[in-house]
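Novice: Structure below; questions to follow.
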Amino acid sequence: MKILLIEDEPQMVNTIKDSLEKEGYLVEFAMDFHSAIERVFVYEYDCILLDIMLPNGSGLDILKKLKKENKSENVIIISARDSLDDKLEGLELGADDYLTKPFYLAELNARVKAVLRRKELNGKNSIEMANVVLEMNNHELLVNGNNIPLNRKEFGVLNYFLLNKNRLVSKEALAEYVWGDHSDNSDNFDFVYYQIKNLRKKLNDSGAGIRLESIYGVGYKLIEV
């Protein structure tokens, strides 16, 4: 899952980023209005953490632009401003939640998980296909009830495929989702291939009832076997 943190305080950025990355999320950040606008309309994010007071502009103006493009869902406002008017305006513009600073990181993590459950899993904490269960809270893969160890990237890859099961997934889309905008600096997608290769072996060795099919020259598709 990929999160964009829009926040101008460096210490706050580092603290939140470290906390969310420990939970297994890919976290990117923007520290002013203009860089935030560029990111939200170039890349796709599962959740956006949005401060209201930013250099060169307002977070609420970003939210207005997102709403205009029907992209304002899955936004959590994090702000030192706790007036009722600010909260109501943010929620009316489509934000999912409003968290007033200072807050506990555990509370932020819980709210992020709640937003992601609503977005991708209809409130569930796991994704299932055939005899495979991917546990989101514990970052575990279960095949026939047995725990199959995955590294962070393998988990992210399988998560994306399960969210898009039976659909064609391009290498570019997979790389951008799991590796973020760092994938833009790569001349090829060998790093995707190696993660797919390792994941396929683990699924095959564990007797998983799913398979990653290669679509030559395009990408991959997750199917049930």
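Novice: I'm trying to understand the selection: among the residues of region 73-105, which are loosely packed, with under 11 Cβ neighbours inside 10 Å and at pLDDT 85 or above?
Specialist: Within region 73-105, Glu92, Pro102, Tyr104 meet the criteria.
Novice: Using the structure shown, decide if Ala130 is farther than 21 Å from Met1 by Cα, surrounded by 19 or more Cβ atoms within 10 Å (Cβ to Cβ) and modelled with pLDDT of 90 or more.
Specialist: No.
Novice: So in region 119-132, with the set limited to residues that are free of Cβ contacts under 8 Å to residues at least 24 places away in the same chain, of a type in the set (S, T, N, Q) and assigned to a loop (DSSP other than H, G, I, E, B), which one is farthest from Val192 (Cα to Cα)?
Specialist: Going through the qualifying residues, I end up with Asn122.
Novice: Here is a list of conditions, (1) hydrophobic (A, V, I, L, M, F, W, C); (2) surrounded by 15 or more Cβ atoms within 10 Å (Cβ to Cβ); (3) part of a loop (DSSP other than H, G, I, E, B), and Leu116 meets all of them except one; can you say which number that is?
Specialist: (3)
Novice: Looking only at helices (runs of 4 or more DSSP H) that fall completely inside region 133-215, which ones have 3 or more residues that are exposed (fewer than 14 other Cβ atoms within 10 Å of the Cβ) and without any contact (Cβ under 8 Å) to a residue 60 or more places away in the chain?
Specialist: Fully inside region 133-215 and qualifying: 190-205.
Novice: Residue under question is Asn70, and the condition is that it be in the same structural domain as Ile210 (by TED's automatic domain parsing) and either part of a loop (DSSP other than H, G, I, E, B) or modelled with pLDDT of 90 or more (or both); does it hold?
Specialist: The answer is no for Asn70.
Novice: Quick check, is Leu168 more than 18 Å from Met1 (Cβ to Cβ), within 22 Å of the chain's Cα centre (by Cα) and not aromatic (Phe, Trp, Tyr)?
Specialist: Numbers: more than 18 Å from Met1 (Cβ to Cβ): yes; within 22 Å of the chain's Cα centre (by Cα): yes; not aromatic (Phe, Trp, Tyr): yes.
Spelling it out, Leu168 is indeed more than 18 Å from Met1 (Cβ to Cβ), within 22 Å of the chain's Cα centre (by Cα) and not aromatic (Phe, Trp, Tyr).
This table checks each residue for (1) basic (Lys, Arg); (2) modelled with pLDDT of 90 or more; (3) assigned by TED's automatic domain parsing to the domain that holds Leu26; (4) out of contact with any Gly (no Cβ under 7 Å at 6 or more places or on another chain).
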{"site": "Ala114", "(1), (2), (3), (4)": "no, no, yes, yes"}
{"site": "Asn137", "(1), (2), (3), (4)": "no, no, no, yes"}
{"site": "Val143", "(1), (2), (3), (4)": "no, yes, no, no"}
{"site": "Asn159", "(1), (2), (3), (4)": "no, no, no, yes"}
{"site": "Leu163", "(1), (2), (3), (4)": "no, no, no, yes"}
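Condition check ((1) more than 17 Å from the chain's Cα centre (by Cα); (2) in contact (Cβ under 8 Å) with a residue 24 or more places away in the chain) across all residues:
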position: Asp32; (1), (2): yes, yes
position: Val40; (1), (2): no, yes
position: Asp82; (1), (2): yes, no
position: Asp85; (1), (2): yes, no
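The values are calculated or read from the model by the stated rules, or taken from the named source; none is laboratory data. None of the values given here were measured: they were computed from a predicted structure. Cβ atoms come from the backbone with ideal geometry, glycine included; neighbour counts cover every protein chain shown.
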